[in-house]
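Take a look at the structure set out below.
Any read-out appearing in this document is the output of simple, stated calculations on the displayed coordinates, not a laboratory observation. None of the values given here were measured: they were computed from a predicted structure. Quick reminder, even Gly has a Cβ in these numbers, built from the backbone with ideal geometry, and neighbours come from all protein chains shown.
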Amino acid sequence: MFLTGEFAKIARVSKRLLQYYDTIGLFSPEHIDSQTGYRFYSAQQLPRLNRILALKDLGLTLEQIAQLLDEGIENDDIQTMLVKQKSELESRILEDLQRLRRVEMRIKSPEMGIEDVVVKNMPPQKFLSVDHFCLNAEDGMAFALQLIQELPKHMPQRYLQQFVVMSNNDDFIAEKVDLIFGIFVDDQVPDEINMGSGFTLTTTVLPAINHLATIAHVGSPLSAHQSYGVLARWIEANHYVCAGNPRDTFLHIPKSMNEDDIIMEVQIPVKPQLPDTFRTESSS
């Protein structure tokens with residue numbers, strides 16, 4: 001039997017660690033002298049302590065370790081727990097790598113403001129919209145303005161949120177392009193609204209987006225290609241890939257298409273691209 005200090009030297013751990021493990025009931029002395037209060041450990045306890053240290057090194061919490069050691073969990077359950085831990089570790093490493101890329105990009109491009117690109121998590125949102133074929137960009141802006149001016153006549157202004165324009169094509173088309181014009185709305189808005197101008201708006205729920213790369217754009221949508229260029233460079237530098245059609249979201253509903261009235265956000269759904277070092281054989 002060994003006193004706490006002696007056992008700590010043999011096990012290559014600190015006395016404080018042994019005392020803490022004893023306090024939480026994870027690893028207690030073999031014997032406590034009732035007269036002196038001295039704690040004694042046995043060499044037979046070393047395998048349990050070593051297993052605790054090994055599992056802790058894998059990143060498991062002390063609560064998980066206690067469950068593994070004391071509740072007789074089956075090997076399959078242990079394997080499941082370790083696979084989950086592996087996945088969480090890979091996710092954290094990937095996030096750190098992406099953060100590192102962003103820092104490196106800022107170092108290389110100090111002229112870029114720190115606020116340029118923001119990745120957002122968007123919840124599901126109710127969306128009132130209509131498809132419209134536009135002859136060109138000017139035609140699209142005219143239709144957007146018409147819609148913006150007509151909407152408040154059919155529902156209370158408080159139900160209207162952000163106005164959105166997005167492509168309904170998988171490819172870029174400069175003329176006769178199919179666009180979706182719509183607005184995020186309150187849940188109280190009906191499923192269908194007849195605008196009385198030859199078209200009807202219907203509601204859908206846009207699905208949640210885990211990663212939405214965004215950048216603010218001030219001025220005419222006709223100059224938004226500059227902001228798209230910044231987003232494209234950022235996506236490539238930070239090892240993301242596109243995961244859906246881009247969209248222009250007006251941060252407030254403009255009264256006109258005058259450049260001074262327009263503040264919008266260029267948005268592209270993205271997803272992280274795993275570096276080759278983290279690709280498994282099954283994904284190759």
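Semi-axes of the equivalent ellipsoid for the stretch 127-219, please: Cα gyration tensor eigenvalues, times 5, square-rooted, ordered largest first, whole Å.
Working from the Cα gyration tensor, I get semi-axes of 21, 18, 13 Å.
Under the combined filter of DSSP loop state and at most 16 neighbouring Cβ atoms within 10 Å, the stretch 1-97 retains these chymotrypsin sites (Phe, Trp or Tyr not before Pro): 38.
Could you calculate the FRET efficiency of residue 57 with residue 271 from 1/(1 + (r/R0)^6), where r is the beta carbon distance between them and R0 is 35 Å, rounded to 0.05?
Working from the Cβ atoms, E equals 0.65.
Taking all C-alpha pairs of the stretch 2-70, those more than 20 Å from each other amount to 25 percent.
Rounded to the nearest 20, the Cβ-based charge dipole of the stretch 8-89 about its Cα centre (Lys and Arg +1, Asp and Glu -1) stands at 540 debye. Between the alpha-carbon centres of the stretch 185-232 and the stretch 21-81 there is a gap of 55 Å. Stretching residue 84 away from residue 222 to a fully extended chain increases their span by 45.0 nm, per 0.36 nm per residue minus the current alpha-carbon distance.
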